[in-house]
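Below: one structure, written as structure tokens.
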Amino acid sequence: MKPEALLHPTPAGLFCPIGNFHVDPVRPVERALITHGHSDHARSGHGHVLATRQTLDIMAIRYGEDFAGSEQAAAWGEEIFVNGVKVMFRPAGHVLGSAQILIEKDGMRIVVSGDYKRGIDPTCDPFEPIACDVFITEATFGLPVFHHPDPKTEIAKLFTSLKQFPERSHLVGAYALGKAQRVIRLIRDNGYSDPIYIHGALARLCDYYQGQGIELGDLRPATIEKSKPTEFSGAIVVGPPSAFQDRWARRFNEPLIAFASGWMMVRQRAKQGGVELPLVVSDHCDWPELLTTIKEIAPEQVWVTHGREEALVRWCELQGIPARPLHLVGYEDEGD
Ligand SMILES: [Zn+2]
């Protein structure tokens, strides 16, 4: 069987005609397999959704209980047959519940890795390499210039800044699903046990992570309307970056704006966003991680879904691995 007969790109996303399902579809479909809860991969309105329990829970938190017609939870490593096609979910190490999906039929094995990373992250299960014929990878940071530093070193910068500016409220921008909880956990692992104040948009997801056994410590609402700005003097406040553009942020005591994102490697982006303290913390592979992963899995072919596809495709070809860009649209790297 040619791999394209088992899975191929369509405007709605990757489609398996034999199993009659899409993976991470960007428009409503009859049957969707979903890798993780970021809004560009997990959308509401599908007829049936198959995903990990945690991804289903996260979708319910974000979209409401009626986010799909029906749902089915996949356990790690469970063999599930969808119209005769075997599928299996394995951890992707991206955010809580994030999965790679193995799709197998008549000996042809295709892995859709969704978004993934290889670095240590105590807030989710680590990526597991899966032997396959076709490995489908993202390339968000698919250029040789992207090398992510050790996140511990990045978080240490926050503490250096707190020492230097003990009165200023340190506002740390981090996307609501995954990044915020990882940053909070990194702060805790640095030995910080004071309360951390969180924007309301993070509350339910942080609660959910804590309920799943991810210790985030003492989190309190950063509701400045009810308090005096000076109460947050020297405090760490975590919120979605979008909140930092509005009045909410300006009311804090001499706010110092930090932003935890893989994109903080690009100085221009930090500057444009008015970020005083860029923290390079990414939930995606950097260039060396992408190459290591492909070498380790050694697939027959590599397909690249989104990001900076061309450099990775070129690299694969130089290694003698046939590769092609899929030019999928609709994936915006929400989580980084
Ligand atoms: Zn993601």
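The values are calculated or read from the model by the stated rules, or taken from the named source; none is laboratory data. Keep in mind that this is a model prediction, so the values were computed, not measured. Here Cβ is always computed from backbone atoms with ideal geometry, including for glycine, and neighbour counts include all displayed protein chains. Please note that ligands, DNA and RNA were not included when accessible areas were found on the heavy atoms of the full protein model with its side chains. Shrake-Rupley method; radii C 1.70, N 1.55, O 1.52, S 1.80 Å.
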Within region 177-206, of all residues that are of a type outside the set (Val, Ile, Thr) and within 16 Å of the ligand (Cβ to nearest atom), the one farthest from residue 281 (Cα to Cα) is 205
Considering (1) in contact with a Leu (Cβ under 9 Å, 6 or more places away or on another chain); (2) among the hydrophobic types (A, V, I, L, M, F, W, C); (3) within 23 Å of residue 135 (Cβ to Cβ), say which one residue 81 fails and leave the rest.
-> (1)
Here the residues within region 13-32 that are open to solvent by less than 10 Å² (accessible area, probe 1.4 Å) and either in contact with a Cys (Cβ under 9 Å, 6 or more places away or on another chain) or among the small types (Gly, Ala, Ser) (or both) are 13, 19, 23, 32
Of the residues 87, 95, which is open to solvent by less than 10 Å² (accessible area, probe 1.4 Å), touching a residue at least 40 places away in the same chain (Cβ under 8 Å) and within 14 Å of the ligand (Cβ to nearest atom)?
-> 95
Qualifying positions in region 53-73 - of a type in the set (Val, Ile, Thr) and either within 15 Å of the chain's Cα centre (by Cα) or assigned to a strand (DSSP E or B) (or both) = 55, 58
Give me a count of the residues in region 24-43 that are small (Gly, Ala, Ser) and either over 23 Å from residue 124 (Cα atoms) or part of a strand (DSSP E or B) (or both).
-> 1
Just need a number here: residues in region 282-309 that are modelled with pLDDT under 95 and open to solvent by 20 Å² or more (accessible area, probe 1.4 Å).
-> 3
Scan region 266-316 residue by residue and report those that are within 19 Å of residue 139 (Cβ to Cβ), part of a strand (DSSP E or B) and not polar (S, T, N, Q).
-> 302, 303, 304, 306, 307
Looking only at region 155-192, which residues are open to solvent by 10 Å² or more (accessible area, probe 1.4 Å), under 21 Å from the mean Cα position of the chain (by Cα) and within 17 Å of residue 270 (Cα to Cα)?
-> 175
Filtered residues of region 105-121 (kept if away from the ligand (no atom under 16 Å from the Cβ) and in a loop (DSSP other than H, G, I, E, B)) = 106, 107, 120
Which one of 247, 267, 251 is basic (Lys, Arg) and under 21 Å from residue 336 (Cα atoms)?
-> 267
Can you name every residue in region 33-54 that is open to solvent by 10 Å² or more (accessible area, probe 1.4 Å) and within 11 Å of the ligand (Cβ to nearest atom)?
-> 39
Failed criterion for residue 273 (all others in (1) more than 16 Å from the ligand (Cβ to nearest atom); (2) under 30 Å from residue 160 (Cα atoms); (3) modelled with pLDDT of 95 or more; (4) of a type in the set (Gly, Ala, Ser) hold) = (3)
Region 122-234: strands (runs of 3 or more DSSP E) wholly inside it with 2 or more residues that are modelled with pLDDT under 95 and aliphatic (A, V, I, L, M) are none
Quick one: what pairs do we get from region 32-59, first residue more than 12 Å from residue 71 (Cβ to Cβ) and among the acidic types (Asp, Glu), second within 11 Å of the ligand (Cβ to nearest atom) and modelled with pLDDT under 95, C-beta under 6 Å, 6+ apart or different chains?
-> 40/331; 40/332; 40/334
Exception for residue 66 within (1) under 25 Å from residue 135 (Cβ atoms); (2) away from the ligand (no atom under 16 Å from the Cβ) falls at (1)
